[in-house]
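First, the structure itself, so that you have it in front of you.
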Amino acid sequence: MAINLEELYGKLYPRYGVKLCTKSCFEKSINWIHILEDIEFVSLLRGGELILNSGYKSEEWLKKYIGLLNLTNAGGLIIALRAGQTFTEEVIDYCNRIEFPLFSATWKTSYMDIIHLISSLLLKQEHREANKITALKNAIHHPQNAETYQGYFYDISLSKNPEYFITILGPKTCGSDTGGISADKLEKSLRHAISGGIIYKEKDTLVILAASCKKHEIRQQFLEIRAKNSDICAGIGLPVHHTCDIHHSYHTACTAYRLAKTGLGNCLDYDGLGIYKLLSDVKDPSVYPAFVDETLGALFRYDEENQTDYAGILKTYFENECSGIRTAEMLYFHKNTMTGKLNKIKEILGYDISKNEYRTRIMMAFYILNMGKEYFT
């Protein structure tokens with residue numbers, strides 16, 4: 001759990017005289033507080049800590065100390081200064097340049113009181129977050145029990161008429177981690193970026209409920225994550241206006257995520273899946289392999305036995321709006337050669353691929369194949 005540093009500063013300044021010396025808190029979040037006097041122990045930090053220090057040895061030492069804290073993703077630094085002592089402009093400029101929050105405290109400031117305050121706030125925040133996660137799980141898996149979750153969603157949206165939507169984010173490859181980025185770090189970065197959201201881990205995925213941010217903000221976060229690891233994919237569910245419908249957004253997000261895992265896209269929005277909505281909503285997906293075999297099975301078997309690629313030619317033909325000329329150009333065939341191959345395909349399949357009924361069946365079969373075998377297992 002974490003507390004916004006700017007919000008925390010609003011409590012520290014009036015009570016303990018802790019002053020912000022940099023331009024801002026740089027949108028940092030704090031998940032723990034730690035007294036750290038010796039620079040040698042900086043490497044033991046896990047990130048997100050607000051560091052307390054009783055004083056610095058020299059300007060050179062302080063810049064090195066701050067630089068190392070920044071590398072470990074520490075949330076900020078409070079240093080106690082003796083009467084008349086200040087930070088140099090060079091140190092403050094350095095902190096502003098690397099966007100690292102630096103605070104000053106008086107020599108008499110009680111660090112024990114600060115630790116007690118922040119620990120108390122973190123425990124309360126953890127309790128609130130745990131309640132919200134439980135409420136979200138109830139909304140998803142037990143939507144009929146509205147009394148167990150409705151009251152917990154009022155404070156996560158900045159809008160009077162919020163749109164709730166679920167995003168599922170996880171590895172594309174089964175059994176892999178969220179690609180070099182630990183799930184905890186990923187959750188922490190998303191929690192900070194998605195204002196007012198609820199996030200929890202479910203097996204190897206993260207379930208994210210957003211209410212006060214837009215889909216394009218989710219996509220932007222996904223692009224930043226994927227830039228660090230290409231094995232991440234995401235599915236975005238339909239937006240809903242009532243908490244009792246959140247389960248519907250969750251199930252559509254699961255569908256989009258499953259399709260993303262098959263390779264149809266890296267970040268799929270259920271709202272834009274088109275015909276895949278119909279295909280994915282079939283209650284018994286086991287009918288698909290039989291349908292594909294009935295429609296194109298003879299062609300696949302012929303290709304396997306004769307080392308040909310008539311199935312690939314047919315797919316290209318349909319991708320080019322069933323235009324023989326465009327397909328011939330795409331495959332570098334003479335138009336007469338193309339005509340001969342289409343006639344051979346009709347002969348193998350035993351039906352006329354130009355008739356509307358069979359054209360529809362072939363297109364559906366290729367859509368099903370695009371979804372991949374993984375979708376049906």
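The values are calculated or read from the model by the stated rules, or taken from the named source; none is laboratory data. The model shown is predicted, which means the values in this text are computed figures rather than measured ones. Don't worry about glycine lacking a Cβ; one is built from the backbone with ideal geometry, like all the others, and counts go over all protein chains shown. Quick note on the areas: whole protein, heavy atoms, side chains included, nothing else; ligands and nucleic acids left out. Shrake-Rupley method; radii C 1.70, N 1.55, O 1.52, S 1.80 Å.
Return the residues of segment 320-377 that are of a type outside the set (A, V, I, L, M, F, W, C), more than 39 Å from the chain's Cα centre (by Cα) and not in a helix (DSSP H, G or I); say none if nothing qualifies.
Within segment 320-377, S323, Y332, H334, G350, Y351, D352, S354, K355 qualify.
Do we have C244 as open to solvent by 10 Å² or more (accessible area, probe 1.4 Å), part of a helix (DSSP H, G or I), in contact with a strand residue (DSSP E or B) (Cβ under 7 Å, 6 or more places away or on another chain) and not small (G, A, S) here?
The answer is no for C244.
Between residues in segment 287-300 that are without any contact (Cβ under 8 Å) to a residue 60 or more places away in the chain and residues that are among the small types (G, A, S), which pairs lie under 7 Å by C-beta distance while being six or more apart or on different chains?
Correct list of pairs: A298/G350; L299/A311; F300/A311.
Looking at segment 32-52 only, could you name the residues that are surrounded by 19 or more Cβ atoms within 10 Å (Cβ to Cβ) and either in a loop (DSSP other than H, G, I, E, B) or more than 35 Å from the chain's Cα centre (by Cα) (or both)?
L45, G48
Still on this model: So in segment 289-322, with the set limited to residues that are in contact with a Ser or Thr (Cβ under 7 Å, 6 or more places away or on another chain) and not aromatic (F, W, Y), which one is nearest to L349 (Cα to Cα)?
Among them, the one singled out is T316.
Now a separate question. Report, ordered by the first and then the second residue, all pairs with beta carbons closer than 6 Å, sequence separation of six or more or different chains, a first member in segment 7-36 that is under 20 Å from N70 (Cβ atoms), and a second member that is open to solvent by 50 Å² or more (accessible area, probe 1.4 Å) and assigned to a loop (DSSP other than H, G, I, E, B).
So the pair list comes out as F26/E99.
A further question on this structure: Search segment 121-151 for residues being over 19 Å from D245 (Cα atoms) and open to solvent by less than 40 Å² (accessible area, probe 1.4 Å), and hand back the single one that is modelled with the lowest pLDDT.
E129
Would you mention how many residues in segment 261-319 are part of a helix (DSSP H, G or I), open to solvent by 70 Å² or more (accessible area, probe 1.4 Å), more than 14 Å from L369 (Cβ to Cβ) and not aliphatic (A, V, I, L, M)?
Adding up the residues that qualify gives 5.
Of the residues that make up segment 118-133, is at least one more than 30 Å from L209 (Cα to Cα) and either touching a strand residue (DSSP E or B) at 6+ places or on another chain (Cβ under 9 Å) or of a type in the set (A, V, I, L, M) (or both)?
no
Which ones in segment 43-65 are farther than 20 Å from I92 by Cβ and free of Cβ contacts under 8 Å to residues at least 60 places away in the same chain?
S43, L44, L45, R46, E49
Okay, moving on. Suppose we keep only residues that are open to solvent by less than 80 Å² (accessible area, probe 1.4 Å) and within 27 Å of the chain's Cα centre (by Cα) within segment 2-23. Which one would you say is farthest from I199 (Cα to Cα)?
L8
Suppose the filter is farther than 17 Å from S43 by Cβ, surrounded by 14 or more Cβ atoms within 10 Å (Cβ to Cβ) and aliphatic (A, V, I, L, M); does I92 pass it?
Considered against the rule, which asks whether it is farther than 17 Å from S43 by Cβ, surrounded by 14 or more Cβ atoms within 10 Å (Cβ to Cβ) and aliphatic (A, V, I, L, M), I92 comes out as yes.
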